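Scroll down for the structure; my scribbles are underneath it.
Where a number appears in this text, it was derived from the coordinates with a stated rule and is not lab data. Here the structure is a predicted model, which is why all the values come from computation and not from measurement. A quick note on method: Cβ atoms are made from the backbone with ideal geometry, for glycine too, and the neighbour counts reach across all protein chains shown.
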Amino acid sequence: MAESPSCIFCRIARGEIPAKMVVNGKDIVAFRDLNPQAPTHILVIPKKHVASLDDASDAELLGRMLSLAAAIARQEGIAKSGYRTVINTGKDGGQSVDHLHIHLLGGRGMTWPPG
């Protein structure tokens, strides 16, 4: 899918909306969540618009996104103690922005079930 002109995450990826960037790669960006749910809360998104995991067909891109999340966890110093990656899909899955994104959460103990 092409970029979406009105999608907030597409606009962040294009630099139209400021964000605290952690990584700005060729096809993936990572930035700090504006409403953090943990001391470390970073979103990893593809630059191209993909509405959800259900719409994703590029296995290589998905693998790079997860690898980047793990690398950021090490960079942020949360890998040893542990972290959580979350992909919400669809309304019932809790997806609030229709653009595929991985939540990287850490810096505190996580509970189960998540909610």
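The charge dipole of the range 8-106, taken about its Cα centre with unit charges on the Cβ of Lys, Arg, Asp and Glu (plus for the first two, minus for the last two), comes to roughly 380 debye.
Each residue of the chain gets 105 Å³ once the volume of the Cα convex hull is shared out per residue. Taking ASP33, ASP55, ASP92 in turn, the Gaussian network model of the chain (Cα-Cα springs below 10 Å) assigns the largest fluctuation to ASP92.
Which angle from 0 to 90°, rounded to the nearest 10, does the C-alpha axis of helix 59-76 make with the longest principal axis of the chain? Approximately 40 degrees, to the nearest ten. GNM on the chain, alpha-carbon springs under 10 angstrom: the most fluctuating residue among GLY93, GLY15, GLY25 is GLY93. Modelled this way, with points 7 Å down the Cα-to-C-beta line, the labels at ARG32 and SER96 are 1.8 nm from one another. Amide H contacts of VAL29 (H built 1.01 Å from N, in plane; Pro and chain starts excluded): ILE45, LYS47 sit under 5 Å, all sequence-distant by 5 or more or on other chains.
Counting charges near ALA73 (Lys, Arg +1; Asp, Glu -1) among other residues having Cβ under 11 Å from its Cβ returns a value of +2.
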